[in-house]
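Reading through the structure tokens given below for one structure.
The values are calculated or read from the model by the stated rules, or taken from the named source; none is laboratory data. Quick caveat: nothing in here was measured; it's all calculated off a predicted structure. FYI the Cβ positions are ideal-geometry reconstructions off the backbone, even for glycines, and counts take in every protein chain you see.
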Amino acid sequence: MTAQRGKDLLIRVGNGAGFVAVAGLRTRQITFNAEAVDVTNAESAGRWRELLSGAGVRRAAISGSGVFRDEASDLRLRQMFFDGALDTLQVVVPGFGTLEGLFQITSLDYRGDHAGEVTFDMALDSAGPLTFTAS
């Protein structure tokens, strides 16, 4: 993967007929987690820990900061947060691919400088299976 412009990472939300970009992330972090299920017992070889393959809970967490595309985009994501709603989102990472699935906004912060634009920090947690489509 070659170097990519950070400004190209987008969050899109479903609108019934496809997806529309609502925010560009200037900084971001995507984390995938899988809980391990420990099945170690008295007969485990050398008393080494054993894990159960394919078990445990998987999740994706996405956090970042950026700017909203417009007032309608800000309103849509803010309402999603206050409703505690789950919505189908796409996270587009140029040169890598697109993650798509149900997410909930778990944190939404706003800030602004006197001589600058209003920016936001947002955290998303997956709420179901995700699909990944490589670029």
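A few remarks follow.
- Any pair with Cβ under 8 angstrom, 6 or more apart, that starts in segment 27-42 at a residue that is in contact (Cβ under 8 Å) with a residue 24 or more places away in the chain and within 11 Å of Ile62 (Cα to Cα) and ends at one that is charged (D, E, K, R) and part of a strand (DSSP E or B): Phe32/Arg58; Phe32/Arg59
- Among (1) under 16 Å from the mean Cα position of the chain (by Cα); (2) surrounded by 13 or more Cβ atoms within 10 Å (Cβ to Cβ); (3) part of a loop (DSSP other than H, G, I, E, B) - the single one Gly56 does not satisfy: (1)
- Search result, residues across segment 62-77 that are in a loop (DSSP other than H, G, I, E, B) and either under 17 Å from the mean Cα position of the chain (by Cα) or free of Cβ contacts under 8 Å to residues at least 12 places away in the same chain (or both): Asp70
- Within segment 104-135, the residues that satisfy the criterion of being among the β-branched types (Val, Ile, Thr) and either closer than 17 Å to Ile62 by Cβ or part of a loop (DSSP other than H, G, I, E, B) (or both) are Ile105, Thr106, Thr119, Thr131, Thr133.
- Selection within segment 78-98: residues that are out of contact with any Lys or Arg (no Cβ under 7 Å at 6 or more places or on another chain) and in a strand (DSSP E or B). The member of this set that is surrounded by the most Cβ atoms within 10 Å (Cβ to Cβ) is Val91.
- For Gly101, the requirement of being without any contact (Cβ under 8 Å) to a residue 24 or more places away in the chain, surrounded by 13 or more Cβ atoms within 10 Å (Cβ to Cβ) and either out of contact with any His (no Cβ under 7 Å at 6 or more places or on another chain) or not polar (S, T, N, Q) (or both) is not met.
- Test for Gly128: is it touching a Gly at 6+ places or on another chain (Cβ under 7 Å), at positive phi and exposed (fewer than 13 other Cβ atoms within 10 Å of the Cβ): yes
- Some residue of segment 104-118 being farther than 14 Å from Gly14 by Cα, hydrophobic (A, V, I, L, M, F, W, C) and within 12 Å of the chain's Cα centre (by Cα): yes
- Filtering segment 9-48 to residues that are under 15 Å from Arg76 (Cα atoms) and β-branched (Val, Ile, Thr) leaves Ile11, Val13, Val20, Val22.
- Taking the listed residues Glu50, Glu35, the one that is over 23 Å from Phe132 (Cβ atoms) and of a type in the set (Asp, Glu) is Glu50, with no other qualifying.
- Hey, Gly101 in contact with a Pro (Cβ under 8 Å, 6 or more places away or on another chain), assigned to a strand (DSSP E or B), among the small types (Gly, Ala, Ser) and closer than 22 Å to Ser126 by Cβ or not: yes
- Counting residues in segment 45-60 that are aliphatic (A, V, I, L, M), under 21 Å from Phe19 (Cα atoms) and at pLDDT 90 or above gives one or more.
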